[in-house]
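Just below is one structure, and these are the notes that go with it.
The values are calculated or read from the model by the stated rules, or taken from the named source; none is laboratory data. What you are looking at is a predicted structure, and each value in this text was computed from that prediction instead of being measured. So basically every Cβ, Gly included, is an ideal-geometry build from the backbone, and we count neighbours across all protein chains shown.
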Amino acid sequence: MKLHHRKREPHEDSSALSDLAFLLIIYFIVIAGFNVNKGFLMNLPARDSTRFILKDDLLRYELDGSGRLLFRGEVREPAVAEQELRSALGSNPNLAVVLTVNPQTPWQRVVSFVELAQKLQVDSFSFTMKDETVKDEN
């Protein structure tokens, strides 16, 4: 009985291909450029610091459930609110802006107002959720 032996082909060296693949990965990582999302950069007060804010230095805005911006109970367009904030910041450097948000408000409206505060470089900005247990009188 005659056994057939297969000829073994010489094993190709694959180290060159793995080196090339590694170099291509490095190349694409370098040229891709990273998009770093910094989020909202706001200065937070130190944990133990106490800051007093006068009533005259406080500007209160509210976002209702439909996303309308209210100032002292009156509806404000974003452009008008921006002008109000800009003039108030010009005349009062210690201005603190407070935004009260209804839980039903579309979040894009909240983000837009926070971006406006960031754009105008409001140093003291705060927002809070409106308590749902308190009913509106309107």
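Suppose we filter segment 112-122 for residues that are touching a residue at least 40 places away in the same chain (Cβ under 8 Å) and either touching an Asp or Glu at 6+ places or on another chain (Cβ under 9 Å) or surrounded by 14 or more Cβ atoms within 10 Å (Cβ to Cβ) (or both); how many remain? Matching residues across segment 112-122 total 2. Is one or more of the residues making up segment 28-43 among the β-branched types (Val, Ile, Thr), loosely packed, with under 10 Cβ neighbours inside 10 Å and modelled with pLDDT of 75 or more? The answer is yes; a qualifying residue exists.
Entry remark, segment 124-138: residues being at pLDDT below 80 and not hydrophobic (A, V, I, L, M, F, W, C) number 7 in total. Looking across Leu58, Leu63, one residue alone is modelled with pLDDT of 85 or more and not charged (D, E, K, R). It is Leu63.
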